Amino acid sequence: MSSSIPVCAPPEVGRNLLGLDCDGIARSAPELARPAFRSAALYRWMYRRRETDFARMSDLPAALRARLAGRLRIAWPEIASTAVSADGTHKHLLALEDGERVEAVYIPQPSGRITLCLSSQVGCALGCRFCRTAQMGFSRDLTPGEMVGQALRLEERHRLRPPYNIVFMGMGEPLLNLDSVMAAFRILADPQGVGVAARRITVSTAGHVPGIRRLAEMHPRPRLAVSLNSSTDRARSDLMPINRRWPLAELTAACREFAAAGRERVTFEYVVLRGVNDSSADARRLVTLLSRLRCKVNLIPYNPIGGEEFRRPPAGELEKLRRGLVAHGVPASVRWSKGVDIGAACGQLWWASRQGAGHGSGPAPPAIGGTMPGD
Ligand code: SAH
């Protein structure tokens with residue numbers, strides 16, 4: 001099922017405050033800088049109360065509210081279209097103020113828990129061969145407000161409030177936009193802000209080692225997921241060009257530092273590609289690579305992205321790979337992605353920004369979804 005609404009926002013006046021912290025608010029609105037509690041009050045309205053209308057901020061003086069409304073705004077990204085999966089997953093295409101768009105996914109888990117998968121960039125520059133987002137190229141980084149705004153817009157649409165989980169596993173490489181991702185993270189994790197606990201927020205990287213090292217030193221910090229996807233440098237460099245810059249030894253060393261600096265286990269994602277990275281030798285090499293590292297491995301059967309170059313292994317082979325890891329002390333589970341039928345699963349997010357086309361209109365890459373070879 002798919003629905004589209006035209007997005008024709010009125011001409012906007014003033015700076016959008018969404019994404020600013022208290023200092024940023026005070027800088028953008030000097031009338032809130034003194035007394036200092038005024039910028040903190042606006043911060044709480046904007047994030048904890050999810051308020052976008054200055055007029056309703058009842059503990060600010062009326063004259064101040066009117067002045068703010070005259071020259072500033074609080075605006076969330078608009079939903080341009082939505083696709084709904086048979087499994088309850090919703091993929092939303094969100095319109096940004098400059099005409100760019102990103103996808104964000106609402107994923108209800110069988111446990112009842114909700115996960116929001118957010119984007120950190122418009123497109124992606126990393127060129128991983130198995131990922132559809134790579135095919136659209138890179139347009140730009142998202143701002144902190146555009147990331148916080150994805151969460152707030154999806155909360156509103158789904159009548160959701162914390163506790164829920166957030167994963168930065170949508171479009172883009174979060175560690176190439178780390179300052180903005182961390183600014184968004186601080187607002188999302190702040191009990192005075194959006195109030196999603198830090199331990200419920202995960203940042204996923206293709207393996208940007210300096211970013212992992214910087215993240216390791218931050219407090220509070222999100223959980224780390226690393227897209228490993230291969231057990232040898234040769235295979236990994238072939239699939240993920242970033243491995244040529246930061247090969248496996250450096251990547252796993254940085255992950256060890258990250259794990260040592262906190263209590264949470266590092267998650268390794270492993271997109272399983274039939275005949276490419278799914279052998280028992282791969283399992284053995286993974287065990288060696290991940291030895292003495294507090295971690296868990298999520299085996300993700302490859303999701304189709306169009307013009308299939310890869311296939312997923314049959315379920316029996318996936319289970320063999322999983323058992324091979326577990327037998328040697330590496331916790332591993334098979335994660336069947338949700339929302340495959342609507343192109344909302346891992347690696348499937350895409351938007352035809354270059355062609356100026358949206359969901360389901362204009363030129364599109366080969367169709368995805370349905371059954372897969374190997375299913
Ligand atoms: N750039 C970040 C986050 C986006 S990708 C990263 O690489 O981690 C989110 C996850 O989807 C990654 O683990 C990636 O390896 C996985 N993925 C990409 N393409 C996939 C596909 N076709 N099938 C299954 N998982 C895929």
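The values are calculated or read from the model by the stated rules, or taken from the named source; none is laboratory data. Predicted model only: the values in this text are computed from it and were never measured. Cβ placement follows ideal geometry from the backbone for every residue including glycine, while neighbour counts extend to all protein chains displayed.
Does S120 satisfy the criteria of being surrounded by 15 or more Cβ atoms within 10 Å (Cβ to Cβ), hydroxyl-bearing (S, T, Y), in contact with a strand residue (DSSP E or B) (Cβ under 6 Å, 6 or more places away or on another chain) and in the same structural domain as I242 (by TED's automatic domain parsing)?
The answer is yes for S120.
If a residue has to be among the charged types (D, E, K, R), over 20 Å from the mean Cα position of the chain (by Cα) and within 14 Å of the ligand (Cβ to nearest atom) to count, how many in region 205-244 make the cut?
So the answer is 1.
For region 77-93, state whether one or more residues are within 14 Å of the chain's Cα centre (by Cα) and within 16 Å of the ligand (Cβ to nearest atom).
Checked against the condition, which is being within 14 Å of the chain's Cα centre (by Cα) and within 16 Å of the ligand (Cβ to nearest atom), region 77-93 yields at least one hit.
Applying the selection to region 232-267, what residues are of a type in the set (D, E) and touching a helix residue (DSSP H, G or I) at 6+ places or on another chain (Cβ under 9 Å)?
Once the filter is applied, which keeps residues that are of a type in the set (D, E) and touching a helix residue (DSSP H, G or I) at 6+ places or on another chain (Cβ under 9 Å), region 232-267 yields D233, E250, E257, E264.
This table checks each residue for (1) within 16 Å of the ligand (Cβ to nearest atom); (2) closer than 22 Å to F168 by Cβ; (3) without any contact (Cβ under 8 Å) to a residue 24 or more places away in the chain.
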{"residue": "G262", "(1), (2), (3)": "no, yes, no"}
{"residue": "L273", "(1), (2), (3)": "yes, no, no"}
{"residue": "V276", "(1), (2), (3)": "yes, no, no"}
{"residue": "A281", "(1), (2), (3)": "no, no, no"}
{"residue": "L286", "(1), (2), (3)": "yes, no, no"}
{"residue": "L293", "(1), (2), (3)": "no, yes, no"}
{"residue": "P304", "(1), (2), (3)": "yes, no, no"}
{"residue": "R311", "(1), (2), (3)": "yes, no, no"}
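Has region 301-313 got at least one residue that is in a strand (DSSP E or B) and on the phi < 0 side of the Ramachandran plot?
Scanning region 301-313 turns up at least one residue that is in a strand (DSSP E or B) and on the phi < 0 side of the Ramachandran plot.
Out of all the residues in region 76-93, is one or more at pLDDT 95 or above, assigned by TED's automatic domain parsing to the domain that holds R153 and surrounded by fewer than 16 Cβ atoms within 10 Å (Cβ to Cβ)?
yes
Could you grab me the full set of residues in region 305-327 that are within 25 Å of R132 (Cβ to Cβ) and β-branched (V, I, T)?
The answer is I305, and nothing else.
Out of curiosity, is V276 touching a strand residue (DSSP E or B) at 6+ places or on another chain (Cβ under 7 Å), of a type outside the set (S, T, Y) and modelled with pLDDT of 95 or more?
no
Does R292 qualify as being modelled with pLDDT under 95, under 25 Å from A225 (Cα atoms), assigned by TED's automatic domain parsing to the domain that holds E100 and not in a helix (DSSP H, G or I)?
yes
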